[in-house]
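Okay, so here's the structure we're looking at.
The values are calculated or read from the model by the stated rules, or taken from the named source; none is laboratory data. The structure presented is a predicted model; accordingly, all values stated were derived computationally and were not measured. Note: ideal-geometry Cβ built from the backbone for every residue, glycine included; neighbour counts use all protein chains shown.
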Amino acid sequence: MTTTVRLEDAVGYLRVSGPGQAGERHVSLEVQEAAFADYCSAHHLNPVATFTDVVSGRKDDRAQYRAMLAYVAEQGISHVVVLFLDRFGRNPREILRRYWELQERGTTVESINEDLREELMLLLRAGIAGQESKRTSERVISALRKAAEKGKLVSKLPFGYIKVRDADGERIEQVPGEAAAIRLAYKLATERNLGYKGMADELNRLGYRTKSGAFFAAQSLKLILLNRAMAGHAVFRGQGEEIITEDAYPAIFNSEEWDNLQTRLTIRREGQHRGRTNSSPYLLSGILRCGPCGAAMSGASKGKHRYYLCSGRQMSSALCTEGKNHRQDALEEAILGHLGQYSDPDVVRQLLEAQGQECDHQAEQELARANKRLAELEQGFLNDLDRVDRGIMTEPEYLKRQQVRREEQEGLRTRQAELEASVASQKDVEATITSVPAKVSSFLEDVQRMDVREAKAVLQSILKAAHVFSDGRLEIEFRS
């Protein structure tokens, strides 16, 4: 009588970082394939397939790994074999996640050249050690923060400031010449609407120089004007975190000036308010849009009069069939008249609500709760890793607890992203309702005394776009 033993099916997962790679463990694809075949033969497994990724262990986008998971699930494969567990990744957490992912599917993971139990414990310890390294880094950041809070500077002294020591002790003061250069750059940006190169050229022409005595370049001036030290705040960046100490320096810009400057620089980065747009005699250039087609409207002279023309229609009548030309003086008067009603906060609020932008503080409260719960789940993961490492918790118990945590985390992270977007939008709405009426009132009071370039800079900081339709209807978008 002949007894037939049915071999259990196994698949091999192979990975190299690049074609032909051998590496210190001699794990070329040929070596891994041969080892898989030999292992299956020695352990009475049926080698039904192999899946190979040629990709760095640091990358999570592995097409063949995903294909293997699908195949294992569809075919009911009971064994996945690897040469070393590091074929699953370079990060201990990632290796463990992939290992447990297969275990939860009822598939046994086997490592050809390792004691699996020992290797898993090493990975658990490495994960905990990585967290300890993170905690050490956090302690350093905390120490720096405390030093900054006590008034100690932990960042390089920026342009515009100098450290002075005398009988009264040590303090930070403005360098008069450097501060003057920064103040002039502010005026050039906010009043004359110049870009970084134009500002740098003007500073150089007037004899201003950098700390090293060199000419200003656009990039060096950009770094200075984007540095919050100009508003008096010291900023230290480390380990992906910013440590900010307010009022660390005698501020060159007050908070309103700093906000105005950053708004102006942001507008220029959008790319539609450069060159001829800023120097043209048309107040609405860079702001005005054709209502029917959405194309920018540019200024042009026709005979004795100036007009705003739809750039889409100028290129082809097929691009805009409804747009029309508008007299400059009449349209600018109409836009300013329309803008006047938004000096009332209630009217601004009604406009934003009509555009679907409403305030709801419940989202902010829910976000705080979601963040707190996610932190608790992450800490639970670390606590359980420690329990497994000390033998207090078994691996099956750990897997069961983690499955519940992962499901909750996935749902919370999706909701967290939605809430963060909602809260950011609401803060924009609240800021707009507060700031726009004051800006509109101030602008309309002063616009007649401004030259076109200066008025345009202020108007661009209030309006992101103004849409004009053929029937004379106007729609405006405030800048957040």
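Points worth noting:
- One residue from ALA334, ALA375, ALA370 being modelled with pLDDT of 80 or more, surrounded by fewer than 14 Cβ atoms within 10 Å (Cβ to Cβ) and in a helix (DSSP H, G or I): ALA375
- Of the residues making up the stretch 5-31, those that are touching a helix residue (DSSP H, G or I) at 6+ places or on another chain (Cβ under 9 Å) and modelled with pLDDT of 70 or more are LEU7, ASP9, ALA10, VAL11, GLY12, TYR13, LEU14, ARG15, VAL16.
- The C-beta contact set for the stretch 155-179 (first residue closer than 18 Å to ASN227 by Cα, second residue outside any helix (DSSP H, G or I) and of a type in the set (S, T, N, Q), distance under 8 angstrom, 6+ apart or interchain) comprises PRO158/ASN227; PHE159/THR210; PHE159/ASN227; GLY160/GLN174; TYR161/GLN174; ILE162/GLN174.
- When we screen ALA73, ALA34 for residues that are within 16 Å of ARG98 (Cα to Cα), of a type in the set (A, V, I, L, M, F, W, C), modelled with pLDDT under 90 and in the same structural domain as LEU102 (by TED's automatic domain parsing), the only hit is ALA73.
- Answer residue from the stretch 426-456, given it is small (Gly, Ala, Ser) and either modelled with pLDDT of 85 or more or touching a His at 6+ places or on another chain (Cβ under 7 Å) (or both) and is farthest from TYR308 (Cα to Cα) among those: ALA438
- Exactly one residue out of GLU430, GLU418, GLU397, GLU410 is out of contact with any strand residue (DSSP E or B) (no Cβ under 7 Å at 6 or more places or on another chain) and exposed (fewer than 12 other Cβ atoms within 10 Å of the Cβ): that is GLU410.
- Where strands (runs of 3 or more DSSP E) fall entirely within the stretch 103-217, those with at least 1 residues that are surrounded by fewer than 14 Cβ atoms within 10 Å (Cβ to Cβ) and at pLDDT 80 or above are at 161-166, 169-174.
- Test result for SER298, polar (S, T, N, Q), assigned to a strand (DSSP E or B) and within 22 Å of LEU463 (Cα to Cα): yes
- Taken over the stretch 243-259, residues that are closer than 20 Å to PRO176 by Cβ, surrounded by fewer than 19 Cβ atoms within 10 Å (Cβ to Cβ) and touching a strand residue (DSSP E or B) at 6+ places or on another chain (Cβ under 8 Å) amount to 1.
- Residue check for VAL436: surrounded by 15 or more Cβ atoms within 10 Å (Cβ to Cβ), in a helix (DSSP H, G or I) and more than 29 Å from the chain's Cα centre (by Cα): no
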